[in-house]
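Undergrad: Encoded as structure tokens, here's the structure I'll be asking about.
The values are calculated or read from the model by the stated rules, or taken from the named source; none is laboratory data. All figures in this text were calculated on a predicted structure; none of them were measured in a lab. Because the Cβ atoms are built from the backbone with ideal geometry, glycine has one as well, and the counts that use them run over all protein chains shown.
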Amino acid sequence: MDILSSYNIIIAVSVTIIVSFLFNGLSKKTNVPAVLMLIIFGVGLQYLLKYLNVDNINFLPILEVLGIVGLIMIVLEAALELELKKEKLIPILKSMGIAIIGLIASAWVAALILYQFIPEMTMQSAWLYATPLSILSSAIIIPSVLGLKESKKEFHIYESTFSDIIGIMMFYFLTGKLDPAEDSGVVGFSLNLIVTIVISLIASYLIILIFQKIKSQVKLFLLIAVLLLLYAVGKKMHLSSLIIILIFGLVIANMKLFFKGKLKKYLHFEKAHHIYHELHTITAETAFVVRTFFFVVFGITIVVSSLFNVNVAMISMLIIASIYIIRYILLRLFIGKDIIPQLFIAPRGLITVLLFYAIPKEAEIATFEPGILLFVIIGTSLIMTGAMIYDKKRNSTAIKTASNKKVETVRWKAPSIDDTKS
């Protein structure tokens with residue numbers, strides 16, 4: 001019997017999606033990230049495949065494709081949630097500042113740790129390995145913070161989105177430094193960014209204006225195909241492709257802001273808003289499926305034994321400690337004292353893994369243990385889980401206390417005249 005038959009693959013895919021859906025429900029009740037459950041599920045499948053003697057499959061190309069599509073879907077999903085209003089300008093800038101400073105500071109400290117403790121590690125390679133470890137995972141954060149109060153939820157959506165995009169740009173800027181032919185310096189990088197933004201805005205306007213006129217009912221996957229094409233072509237042209245996705249999401253989510261003055265007459269708001277609504281739904285669904293298979297496949301490919309390496313544990317714990325020390329300083333400076341659970345919501349995930357596999361051959365260090373990657377992902381996810389559970393209990397206790405005080409106030413009444421006479 002062929003284990004990898006078509007029907008067995010269909011069964012495996014279906015079961016994985018069902019299990020992921022159940023994990024999402026369990027995550028909402030326990031605050032344990034569904035991503036963590038998917039990785040553990042993937043590790044379980046790894047041992048099952050070994051038992052069935054089907055452990056010679058090369059999953060890395062699948063992982064890379066899933067990672068790229070997942071990255072696009074997650075950034076688009078996040079961009080569709082962002083409302084650009086005057087009253088939100090300060091929270092957006094504050095989140096961006098924390099994301100940028102936190103990313104650079106965390107990468108710098110992590111690079112020093114890797115350079116110090118890993119043999120053969122050069123400082124240039126250390127920065128490349130440290131950057132993925134310093135990027136927040138919007139794939140984990142956005143679904144996990146939906147229960148927080150509005151201001152905190154928005155902060156995490158903005159921060160994780162900026163961390164993703166700026167972190168990826170920083171990574172590819174560093175990889176460009178490896179090849180003198182591609183290294184255009186800070187000026188070239190800035191020009192590249194400006195060109196990308198201009199192209200993104202033009203493409204976004206054209207897509208909305210064209211797609212609002214398409215009468216076919218099957219145009220959403222066509223729209224996603226166009227976005228994937230723009231991303232891939234942008235990469236070939238060495239543009240910051242993720243900016244294209246982000247700006248399109250921002251434009252379609254804030255159409256009234258971008259279509260003002262003379263442009264307003266070209267926008268059929270009801271039709272365009274219908275596209276936005278359906279795109280929002282299909283993006284969330286696609287991101288869920290891609291995220292599911294990415295982390296399951298990642299779980300299948302990881303070497304679990306590396307987690308029990310003392311050197312891996314020591315380096316990972318130093319990196320994790322540096323993440324929260326830097327985060328504590330930044331949050332106290334920018335936000336103040338109310339930094340729970342924000343302080344501990346700093347998980348690493350999809351982009352960390354994706355960029356790790358994108359490190360160029362000439363920068364790869366044979367002595368680097370991939371277990372560090374897994375250790376940091378699991379460690380930061382567990383810390384976030386603990387913080388979310390604590391915050392949930394704290395809020396529940398506060399609500400009960402307020403409720404009891406209200407009941408006591410209602411029950412209490414002023415003494416009557418007869419009572420005072422007696």
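Undergrad: Anything in the range 165-222 that is in a helix (DSSP H, G or I), modelled with pLDDT under 85 and farther than 29 Å from residue 139 by Cα? List them, or say none.
TA: Hits for the range 165-222 are 185, 186, 187, 188, 191.
Undergrad: Just give me the residues in the range 25-56 being farther than 26 Å from residue 370 by Cβ and surrounded by fewer than 16 Cβ atoms within 10 Å (Cβ to Cβ), in sequence order.
TA: Residues of the range 25-56 farther than 26 Å from residue 370 by Cβ: 25-26, 28-31.
Answer for the range 25-56, where residues must be farther than 26 Å from residue 370 by Cβ and surrounded by fewer than 16 Cβ atoms within 10 Å (Cβ to Cβ): 25, 26, 28, 29, 30.
Undergrad: If you scan the range 217-270, which residues turn out to be in contact (Cβ under 8 Å) with a residue 60 or more places away in the chain, among the β-branched types (Val, Ile, Thr) and out of contact with any Ser or Thr (no Cβ under 8 Å at 6 or more places or on another chain)?
TA: 245
Undergrad: So, one more: State all residues of the range 57-116 that are assigned to a helix (DSSP H, G or I), without any contact (Cβ under 8 Å) to a residue 24 or more places away in the chain and either loosely packed, with under 15 Cβ neighbours inside 10 Å or among the β-branched types (Val, Ile, Thr) (or both); if no residue qualifies, say none.
TA: If the condition is that a residue be assigned to a helix (DSSP H, G or I), without any contact (Cβ under 8 Å) to a residue 24 or more places away in the chain and either loosely packed, with under 15 Cβ neighbours inside 10 Å or among the β-branched types (Val, Ile, Thr) (or both), then 61, 65, 86, 87, 89, 90, 93, 116 are the ones that fit.
Undergrad: Identify all residues within the range 235-245 that are hydroxyl-bearing (Ser, Thr, Tyr) and outside any loop (DSSP other than H, G, I, E, B); write none if there are none.
TA: Within the range 235-245, just 241 meets the criteria.
Undergrad: Look at residue 232 and say whether it is of a type outside the set (D, E, K, R) and either touching a helix residue (DSSP H, G or I) at 6+ places or on another chain (Cβ under 9 Å) or not in a helix (DSSP H, G or I) (or both).
TA: yes
Undergrad: Can you run down the residue pairs with Cβ atoms below 7 Å, 6 or more apart or on separate chains, where the first is in the range 321-346 and among the charged types (D, E, K, R) and the partner is in a loop (DSSP other than H, G, I, E, B)?
TA: As it stands, the answer is 327/346; 332/339, since those pairs meet every condition given.
Undergrad: Kindly evaluate residue 229 against the criterion of being over 30 Å from residue 141 (Cβ atoms), at pLDDT 85 or above, surrounded by fewer than 17 Cβ atoms within 10 Å (Cβ to Cβ) and not charged (D, E, K, R).
TA: Spelling it out, it is not the case that residue 229 is over 30 Å from residue 141 (Cβ atoms), at pLDDT 85 or above, surrounded by fewer than 17 Cβ atoms within 10 Å (Cβ to Cβ) and not charged (D, E, K, R).
Undergrad: Residue 136 passes all but one of (1) in a helix (DSSP H, G or I); (2) touching a Pro at 6+ places or on another chain (Cβ under 8 Å); which number fails?
TA: Status for residue 136: all satisfied but (1).
Undergrad: Which residues, counting only those in the range 354-367, are among the hydrophobic types (A, V, I, L, M, F, W, C) and not in a helix (DSSP H, G or I)?
TA: 358, 359, 365, 366
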